[in-house]
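For reference, the structure discussed in these notes is given below.
The values are calculated or read from the model by the stated rules, or taken from the named source; none is laboratory data. What you are looking at is a predicted structure, and each value in this text was computed from that prediction instead of being measured. Heads up, the Cβs are rebuilt from the backbone with ideal geometry, glycines too, and the neighbour counts pull from every protein chain shown. Quick note on the areas: whole protein, heavy atoms, side chains included, nothing else; ligands and nucleic acids left out. Shrake-Rupley method; radii C 1.70, N 1.55, O 1.52, S 1.80 Å.
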Amino acid sequence: MIYTLTLNPSLDYLLDTPDFTVGKTNRSVSDSLHFGGKGINVSYVLKQLGIQSVCLGFTAGFTGDELEKMLISNGLACDFVRVEKGNTRINVKIRNEEITEVNAQGPEFFSQDVEKLFKKLEPLSDGDTLVLAGSTPRGFDSIYSDIMKHLSNKGVRFVVDTSGQKFLDCLEYKPFLIKPNKDELSEIVGQSLEDDQAIVTAAGKLKEMGAVNVLVSLGGDGALLVDENNQVHRVHAHKITPVSTVGAGDSMVAGFLAGAEQGYDYALMLGNACGAATSSVEILANREIIESMM
């Protein structure tokens, strides 16, 4: 079973406000409410590909209730820890010629909430995959590496998609897959990456630190994978007109996981198609769009 962990999920409230002016009363011409969170995005795209997963993380308050209802209505299985204080965050996105985002902090977490999460993770075992994606709660910066350490002797396959020091701290637990983008990889190795060879070399450094497969998303240049056998796989970007890049990286992770059993060439191709499919629509791609990209 695949489990996706989204520690600070959200409801994303999108407002179309063509004449938005700072400091004035603005009125939207349309609005929509969507679920948000990197791990949740992975679960949604996996569902489109016919693969069931379980969404884990924290929810709180009436907004947490609504989030879970939305996920269940989309056919996703949920097993969240309910936090007593606060509400699941609402992120406001104001769209005119550009998108202005206001992302809330979310509910307050305590050690007992984290303990409840660890109990939910306890049954994971050999053959299971755990996707750790996105930001971490305030005061719990090491939670990803703590989880991986806790499960390290159980044969669980880890996928890590985060940034900063908490990303580096996870590498010693040999994650099956990491997915930095080109800019993140460049920042990690401390040098600009001008060509594929430089990207391969940088990915190799992360493999030396423990990563098994390094998938680098390159935006308009496609994607590159250095696999567990140090073989390099490369795909170029689909020719699309991007609508939104939100969730594209998460979609790539979902596609890669869905295709991994058929070999890394196919996994990369499917991941690339999923990322492009999501970039071509407003929210997340469905199966029909993904198949058209393939």
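Pro137 falls short on exactly one of the conditions (1) surrounded by fewer than 17 Cβ atoms within 10 Å (Cβ to Cβ); (2) at pLDDT below 90, and that condition is (1). Are any residues in segment 176-198 under 23 Å from Gly247 (Cβ atoms) and either open to solvent by 70 Å² or more (accessible area, probe 1.4 Å) or not acidic (Asp, Glu) (or both), and if so, which ones? Hits for segment 176-198 are Phe176, Leu177, Ile178, Lys179, Pro180, Asn181, Lys182, Asp183, Leu185, Ser186, Glu187, Ile188.
Can you name the residue in segment 208-218 that is more than 14 Å from Phe176 (Cβ to Cβ) and of a type outside the set (A, V, I, L, M, F, W, C) and, of all such residues, is surrounded by the most Cβ atoms within 10 Å (Cβ to Cβ)? Reasoning before the result, please.
From segment 208-218, those more than 14 Å from Phe176 (Cβ to Cβ) are 208-209, 216-218; that's our starting set.
Next cut, of a type outside the set (A, V, I, L, M, F, W, C) only: 208, 217.
Working: Glu208: 9, Ser217: 25.
Checked segment 208-218; the qualifying residue surrounded by the most Cβ atoms within 10 Å (Cβ to Cβ) is Ser217.
The C-beta contact set for segment 163-175 (first residue open to solvent by 50 Å² or more (accessible area, probe 1.4 Å), second residue of a type outside the set (Ser, Thr, Tyr) and in a helix (DSSP H, G or I), distance under 6 angstrom, 6+ apart or interchain) comprises Ser163/Glu184; Tyr173/Met148. Name the pairs whose Cβ atoms lie under 7 Å apart, with the first residue in segment 107-126 and β-branched (Val, Ile, Thr), the second in a loop (DSSP other than H, G, I, E, B), and 6 or more positions between them or separate chains? Final answer for the pair search is Val114/Phe140.
Leu121 falls short on exactly one of the conditions (1) closer than 22 Å to Ala258 by Cα; (2) in contact with a strand residue (DSSP E or B) (Cβ under 6 Å, 6 or more places away or on another chain); (3) open to solvent by less than 10 Å² (accessible area, probe 1.4 Å), and that condition is (2).
Figure legend. Inter-residue proximity from segment 10-32: first residues basic (Lys, Arg), second residues surrounded by fewer than 11 Cβ atoms within 10 Å (Cβ to Cβ), beta-carbon distance below 9 Å, spacing 6+ or different chains. Indicated pairs: Arg27/Asp19.
Of all residues being over 20 Å from the mean Cα position of the chain (by Cα) and open to solvent by 60 Å² or more (accessible area, probe 1.4 Å) in segment 143-153, which is nearest to Glu122 (Cα to Cα)? Just the residue, please. Walk me through how you get there before you give the answer.
Filtering segment 143-153 for residues over 20 Å from the mean Cα position of the chain (by Cα) gives 149-153.
Now restrict to residues that are open to solvent by 60 Å² or more (accessible area, probe 1.4 Å): 149-150, 153.
Numbers: Lys149: 12, His150: 9, Asn153: 12 Å.
Only one residue fits best here, namely His150.
You will find that of Ala248, Ala254, Ala237, the residue that is modelled with pLDDT under 95 and open to solvent by less than 20 Å² (accessible area, probe 1.4 Å) is Ala248 and no other.
The rows are residues; the columns are (1) within 21 Å of the chain's Cα centre (by Cα); (2) in contact (Cβ under 8 Å) with a residue 24 or more places away in the chain; (3) assigned to a helix (DSSP H, G or I); (4) crowded, with 16+ Cβ neighbours inside 10 Å.
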position: Leu206; (1), (2), (3), (4): yes, yes, yes, yes
position: Leu224; (1), (2), (3), (4): yes, yes, no, yes
position: Pro242; (1), (2), (3), (4): yes, yes, no, no
position: Ala276; (1), (2), (3), (4): yes, yes, yes, yes
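Of all strands (runs of 3 or more DSSP E) completely enclosed by segment 20-114, which ones contain at least 1 residues that are open to solvent by less than 70 Å² (accessible area, probe 1.4 Å), polar (S, T, N, Q) and closer than 20 Å to Asp128 by Cβ? Working first, answer last.
On the way: elements: 30-36, 53-60, 81-83, 89-95, 99-102.
Here the list reads 53-60.
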